[in-house]
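Notes follow once the structure below has been shown.
The values are calculated or read from the model by the stated rules, or taken from the named source; none is laboratory data. What you see is a predicted model, and the numbers here were worked out from it, not measured in a lab. With ideal geometry, Cβ positions are generated from the backbone for all residues, glycine too; neighbour counts draw on all protein chains shown. Keep in mind that these areas ignore ligands, DNA and RNA; they rest on the heavy atoms of the full protein, side chains included. Shrake-Rupley method; radii C 1.70, N 1.55, O 1.52, S 1.80 Å.
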Amino acid sequence: MTNNQPGDDPSPETQQNLLNKITVGGSLTVGDINQQLVTQNIATQNIFLIASPDQQEQISRKIHGVAPPSSTASRNAAVIPPLCSPPVISTFEFEVVKVDAKGREVNPCCKQAQHFIDSLGGAVELEMVSIPGGKFTMGAPQEELESREDERPRHLVTVKPFFMGKYPITQAQWRAIASLPKIKHDLDPDPSSFKGDNRPVERVSWYDAEEFCDRLSKETKRVYRLPSEAEWEYACRAQTTTPFHFGATITTELANYCGQDKNTKACFYKGTYRNEPQGIYRQETSEVDIFSANTFGLHDMHGNVWEWCADYYHNNYQEAPSDGSMWLINGNEEGRILRGGSWNSPPHICRSASRFLGNPSSSNKNIGFRVVCSFV
């Protein structure tokens with residue numbers, strides 16, 4: 001009997017016991033792999049690698065729901081989707097910019113992070129950045145300018161490693177996956193108001209985002225999903241404690257939001273967050289790679305489009321999970337979390353701690369999403 005905890009790598013004994021269930025004709029289910037082993041790791045691949053070719057075929061058939069061939073059937077009659085191979089992890093470099101209290105750029109520096117790339121067909125790729133595990137204090141302190149009570153009480157959260165999309169899902173990525181067979185409901189292949197392959201997809205509901213994740217998971221044979229709210233804030237902060245990952249304030253040189261522009265009457269918000277310089281109001285989304293990244297290597301965590309999270313909305317953080325998991329109990333089932341603000345949001349709404357209630361059926365030109373991969 002093993003004592004694996006959620007998040008631990010499975011012991012060789014556990015792996016072999018599950019493999020034995022196949023060799024003696026037992027029943028191996030996805031639950032055996034997901035629950036008896038771990039979530040968010042490569043346990044399935046570990047099992048697969050120690051199996052013989054015949055056992056690998058049996059694993060693949062059971063996981064993908066393919067019946068065994070009859071004694072008279074050709075072994076080539078059924079095409080069995082293979083289990084995913086471990087991703088090729090590589091290192092990339094990027095620049096990180098910080099600002100002082102007046103929004104002036106200080107101490108730009110180069111950083112490195114790891115990532116992998118999944119092909120979505122043709123020239124369309126999905127770049128996933130490695131987010132290291134760690135602890136952080138979630139929420140806003142009382143003294144944070146224009147913070148709200150639903151961002152408190154602050155609490156310590158331990159987050160396990162995961163991969164997150166380097167950018168919000170783009171329109172090119174959306175079209176590639178929306179063209180795949182339906183799993184639960186149809187997807188509009190071109191829903192966005194502001195057109196551009198490299199702009200974020202918008203006008204997508206929470207249910208649309210979930211359908212995208214399901215299709216993406218089936219296509220890549222990895223586990224893609226929406227982030228938990230804690231994962232999102234942890235990834236956004238990137239080991240910072242300031243209102244924004246680049247510092248105490250925000251500028252329109254670093255993010256796309258409703259900046260102060262005295263010549264643009266359409267901008268409903270004419271103030272500044274602190275003392276940042278006058279900015280611009282673009283009045284539309286921007287391409288996802290034009291602003292600098294945070295310390296983890298993620299772009300557009302502040303502004304551009306709101307991003308769906310998996311959690312139910314709760315009025316505050318009383319009894320919130322401390323392990324970074326999705327919070328799906330005792331909340332508003334008709335409300336899902338939106339994070340990050342948009343091109344049409346005032347600066348305080350784009351803070352790392354800011355959170356918003358969204359109807360999961362809602363879709364408008366302010367709302368998009370990014371994905372996480374939880375196989376490791």
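Brief remarks on what is shown
- Label-point separation in nm, Asn359 to Ile117, each point 7 Å along Cα→Cβ: 4.1
- The label-point distance for Glu334 and Glu127, in a model that sets each label 7 Å from Cα toward Cβ, rounds to 4.1 nm.
- Across segment 284-376, the mean sequence separation of Cα contacts (distance under 8 Å, 6 or more residues apart), normalised by length, yields a relative contact order of 31 percent.
- Solvent-accessible area per residue for segment 187-241 (1.4 angstrom probe, square angstrom): 34
- Modelled this way, with points 7 Å down the Cα-to-C-beta line, the labels at Leu145 and Asn275 are 1.0 nm from one another.
- Kirkwood analysis of segment 168-223, using all unique Cα-Cα pairs, places the hydrodynamic radius at 11.2 Å.
- Sequence-distant aspartates and glutamates (8 or more away, or on other chains) whose Cα lies within less than 17 Å of Lys365: Asp188, Asp190, Asp197, Glu202, Asp208, Glu284, Glu287, Asp300, Glu307
- Peptides 198-204, 90-96, 239-245 ordered by packing proxy, namely the average of other Cβ atoms within 10 Å per residue, highest first: 198-204, 239-245, 90-96.
- Accessible surface, per residue, of segment 106-176 when the full set of protein chains is kept, probe 1.4 Å, Å²: 45
- Among the listed pairs Lys98/Lys135; Lys182/Lys221; Lys135/Lys160, a Cα-Cα separation exceeding 19 Å is found for Lys98/Lys135.
- Applying 1/(1 + (r/R0)^6) with R0 = 35 Å to the Cβ-Cβ distance of Asp197 and Gln318 gives a FRET efficiency near 0.20.
- Carbon/sulfur fraction of accessible area - segment 266-329, other protein chains in place, 1.4 Å, %: 45
- In segment 293-373, the GluC sites (Glu not before Pro) that fall in loop regions by DSSP, at most 15 other Cβ within 10 Å: Glu319
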